[in-house]
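The values are calculated or read from the model by the stated rules, or taken from the named source; none is laboratory data. Everything quoted here is computed from the prediction, not taken from an experiment. Counting neighbours? That spans all protein chains shown, and the Cβs are built from the backbone with ideal geometry, glycine included. All accessible areas refer to the heavy atoms of the entire protein, side chains included, with ligands and DNA or RNA removed. Shrake-Rupley method; radii C 1.70, N 1.55, O 1.52, S 1.80 Å.
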Amino acid sequence: NENGDGGRPGTISNPSLPPPIVEKIDVNPPKGTRDFPPEEMRFRTWLFNNFREVSRLFGFEEVDYPVLESEALYIRKAGEEIKDQLYGFEDRGNRRVALRPELTPSLARVVIQKGKSVALPIKWFAIGQCWRYERMTRGRRREHYQWNMDIIGVPEITAEAELISSIVTFFKRLGITSSDVGFKVSSRKLLQEVLQRYSVPEDLFSKVCVIIDKMEKIPMDEIKRELKLVGVSEDAIEQLLQVLTIKSLSELEEILGPSGDAVSDLKSLFLLADKFGYSDWIQFDASIVRGLAYYTGIVFEGFDRERKLRAICGGGRYDRLLSTFGGDDLPACGFGFGDAVIVELLKEKGLLPELSPQVENIVCSLDPELQGAASQVATILREKGQSVDLVLESKSLKWVFKRAARINAGRLILVGNSEWQKGMVVVKILDTGEQFDVKVDQLE
Ligand SMILES: OCc1cccc(Br)n1
């Protein structure tokens, strides 16, 4: 190669020095984590840009929080999986801290911290890396990025309807239709009303929901055993499991009566869905409870209609979370949308975008004496907002053309002696091959 030393171009091998004695480090990222080299980073940037554009369309402001939080934010006694897999540890100040497994508790913490200084309703969104520590036996990831949108301070169902509309908008932007995905929608008030009928104590509500959320994952008799264990009576368990099989709102109304909040909330949501124009995206499904302890009302999850993938996203109302952190009770609802299942869905639907690197100009000097001149040209172009890949070493034209193709450059700007003497450079349009001599001060 050009270096003539047999090594990789750009490496320095100095035979006079002994080889360094280092333990070869493991160049892979830690178990369950990912690197984002350029190709993967282009896809991630594309995905996040879509999250951001939808959030902008809905008037939401972007926020973020530390990846590291006090472990206390996640200590909920409802037996959630997210707590079993908490990435917690003691820091050097002997504080119990954790890598955040989700973003909602951080949101609650900041809303309480800001108190009356922040106007309601709050409409914030975040895209944050979240962590879990799971035995690698299942080879699953330990980190993912999650898009969250939350509305704080709106008790009406219009908030849930707005959030579902934002996810529909996101799916449509990616070319995903209501034939590809849908939302299962229910309300935890459905369970609450049943538990109240059987005078099951309020403080069991979260535990019951977390157990019922495992319905698809563990056998029914294990569900019943766990419900019994937390203190739910046999009759209440039977009625609970019966209610979860209800197939329609009218059937629900027959069983729970027309005046309950669960029925009226769901009716309002379906009416609003019709106005938003996304009725064909949502369906009532009484078995949906979601696995987070703090949901209190409407819950929903996005699913792929071919049922090949795990839930794509999920969310709901959590009106009690702030008060459990010692804050004032504030109505709240939101959703989380992870960066893993959506990639599988896009692959399934052939919707992965073709993303190539892009640079407008590659600039190189034809003579080592003109490297400074090439730097001047690069600076002029950059100050005009043009991207420039500046060739930093003396390279053959063959090498430059090869690199130009690899980085998908639009133009090649050659700085050559004869032209430079006249204050000009050669501009080559790479896809057409057209070539012009251009005065440097007229470059654009
Ligand atoms: O979906 C639950 C979850 C939380 C944190 C990290 C990962 Br990967 N997954």
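I'd like the orientation of helix 397-406 relative to the chain: the angle between its Cα long axis and the longest Cα principal axis, in ° from 0 to 90, rounded to 10.
The two axes meet at around 10 degrees.
Rounded to the nearest 500, what is the chain's calculated 222 nm mean residue ellipticity when only DSSP H runs of at least 4 contribute -39500 (n - 2.57) each, over all residues?
-10000 deg cm²/dmol
Subtracting the Cα-Cα distance from 0.36 nm times the residue separation, let me have the gained length for residue 324 to residue 16 in nm, one decimal.
104.2 nm
Do any of 184/275; 189/214; 217/267 go past 20 Å between their Cα atoms, and which?
Check vs 20 Å cut-off fails for 217/267.
In whole percent, what relative contact order does region 111-224 give with Cα contacts below 8 Å and a gap of six or more residues?
That works out to 16 percent.
Multiply the residue separation of residue 228 and residue 403 by 0.36 nm, subtract the distance between their alpha-carbon atoms, and state the gained length in nm to one decimal.
56.3 nm
Using modelled amide H (1.01 Å from N, peptide plane; none on Pro or chain starts), what sits under 5 Å from the amide H of residue 365, excluding residues fewer than 5 places away?
Sorted by chain and number, the residues that satisfy this are 415.
Using each residue's phi in region 159-165, evaluate 6.51 cos²θ - 1.76 cosθ + 1.60 at θ = phi - 60° and report the 3J(HN,Hα) Karplus result to the nearest Hz, with x for Gly and Pro.
Listing the rounded values in order: 5, 4, 4, 5, 5, 5, 4 Hz.
Treating cross-link reach as a plain straight distance, find the aspartates and glutamates whose alpha-carbon is under 14 Å from the alpha-carbon of residue 398, omitting any fewer than eight places away in the same chain.
Straight-line reach from residue 398, under 14 Å: 2.
Run the numbers on the chain and let me know its relative contact order in percent, using alpha-carbon pairs under 8 Å that are six or more apart.
With pairs under 8 Å counted, the relative contact order is 14 percent.
Using a 1.4 Å probe on the protein heavy atoms, what percent of the accessible area of the chain belongs to carbon and sulfur?
52
Please compute the modelled spin-label separation between residue 94 and residue 31, points set 7 Å along Cα→Cβ, answer in nm with one decimal.
Between residue 31 and residue 94, the label points sit 3.0 nm apart.
Going 7 Å from the Cα of residue 112 in the Cα-to-Cβ direction, what parts of region 65-93 have a backbone nitrogen less than 17 Å from that spot?
Under cut-off, by backbone N: 65-66, 69-78.
Roughly what would the spin-label model give for residue 64 and residue 218, points 7 Å off Cα along C-beta, in nm?
3.7
Compute, for residue 31, the solvent-accessible surface of its heavy atoms (probe 1.4 Å) with the complete set of protein chains present, and express it in square angstrom to the nearest 10.
It works out to around 140 Å².
Given 0.36 nm per residue, what is the gain on full extension from residue 43 to residue 422 after removing their alpha carbon distance, in nm?
Working it through step by step, the gained length comes to 132.1 nm.
Helix 38-57 versus the longest principal axis of the chain: what is the Cα-based angle in degrees, 0 to 90, to the nearest 10?
That works out to roughly 50 degrees.
Accessible area per residue for the chain in Å², computed with a 1.4 Å probe and the full protein assembly in place, what is it?
Per residue, the chain has an accessible area of 52 Å².
Express the relative contact order of region 261-403 as a whole percentage, based on alpha carbon pairs under 8 Å and six or more residues apart in sequence.
Reported relative contact order: 13 percent.
Hey, what do the phi angles of region 21-28 turn into as Karplus ³J(HN,Hα) couplings, whole Hz, using 6.51/-1.76/1.60 and θ = phi - 60°, x for Gly and Pro?
Going residue by residue, I get 9, 10, 6, 5, 6, 6, 8, 7 Hz, with x marking Gly and Pro.
Can you give the charge dipole size of the chain about its Cα centre, rounded to the nearest 20 debye, using +1 on the beta carbon of Lys and Arg and -1 on the beta carbon of Asp and Glu?
About 680 debye.
Sequence-distant or interchain residues sharing an amide H contact under 5 Å with residue 133, placed H: which?
Those qualifying (amide H under 5 Å, at least 5 residues apart or on another chain) are 86, 87.
Alpha carbon centre of region 164-232 versus region 310-362: separation in Å?
19
Work out from phi, with θ = phi - 60° and the Karplus expression 6.51 cos²θ - 1.76 cosθ + 1.60, the ³J(HN,Hα) of each residue of region 71-79, listed in order in whole Hz, and give x for Gly and Pro.
The phi angles translate into 4, 4, 5, 10, 7, 10, 9, 10, x Hz.
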